[in-house]
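Down below is the structure, laid out as structure tokens.
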Amino acid sequence: MSIIDKVKDIVRERCTDEWDWTHISNVVKHSKILAKKLNADEEIAEIGAWLHDITRITGDKDNHHITGAKEAEKILLELDYPKDRIEKVKHCIIAHRGNVKQQIKRETKEADCVASADAMTHFDTIAHLLYLVYTKKGLSLEDGKRWVLDKLIRSWNKMIPEAKELCKEKYKAAKIILS
């Protein structure tokens, strides 16, 4: 069994919410596409994508980029993954957040892949975002539309140009529908 298959199995075991699994799977899909496009290390980008929300799915919403990097290190050490590669995966995780006060600068193509893929998945799951704002957050029609549009704008701004190129039609359509 490959390291990627082992990591995927660990994430699947910990992921109890179907939305979280869908989100993470979409991030992996987009990370792989971007890694190929950027000639990045595909294994690092994919493992980073699988693990980017490892502690968010178990309850840490605010600091999951920090706690997730630590948890990823523990997981990967147990799987005898090389330490230098663990550091690269950790950077992908810690730098994937786009709206934190002290945003971590992305220093690698792999980190760009994971952060952009995390943003790209929001354009695949607009229906879920609408469900979230109206059923979970209880927002009014206009406030819900504004919340989703603001989320998509933040996601757009987080993406590298190659990711924007892949999502531009969805972004245009969402802006029309939500405006």
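The values are calculated or read from the model by the stated rules, or taken from the named source; none is laboratory data. A quick note: this is a predicted structure, and the numbers were derived from the prediction, not measured. As a convention, Cβ positions derive from the backbone with ideal geometry for all residues, glycine included, and neighbour counts pool all protein chains shown. Accessible surface areas use protein heavy atoms only, side chains included; no ligands, DNA or RNA. Shrake-Rupley method; radii C 1.70, N 1.55, O 1.52, S 1.80 Å.
Annotations
- Relative contact order (%) - segment 1-80, alpha-carbon pairs under 8 angstrom, separation at least six: 29
- The dipole here belongs to segment 39-146: it is taken about the Cα centre, uses +1 on the Cβ of Lys and Arg and -1 on the Cβ of Asp and Glu, and is about 580 debye.
- Radius of gyration and maximum dimension Dmax of the chain, Cα, Å: 16.0, 50
- Over segment 68-164: Kirkwood hydrodynamic radius from C-alpha pairwise inverse distances, Å: 15.0
- Surface calculation, 1.4 Å probe, protein heavy atoms: Trp50 sits at approximately 10 Å² accessible.
- Highest-MSF residue in the chain out of Lys105, Lys90, Lys136 [GNM, Cα springs under 10 Å]: Lys136
- Largest to smallest principal axis extent of the C-alpha atoms in segment 23-109, angstrom: 32, 30, 24
- Comparing Arg56, Arg106, Arg14 in a Gaussian network model of the chain where C-alpha atoms under 10 Å apart are linked, the largest mean-square fluctuation is found at Arg14.
- Value at 222 nm in deg cm²/dmol, rounded to 500, when DSSP H runs of n ≥ 4 in the chain each add -39,500 (n - 2.57): -23000 deg cm²/dmol
- The chain - percent relative contact order, Cα under 8 Å, separation 6 or more: 21
- Residue among Ser179, Met159, Cys92 farthest towards the positive dipole end of the chain, charges placed on Cβ: Ser179
- Each Lys and Arg contributes +1 and each Asp and Glu -1, all at the Cβ; summed about the Cα centre of segment 1-43, the dipole is approximately 200 debye.
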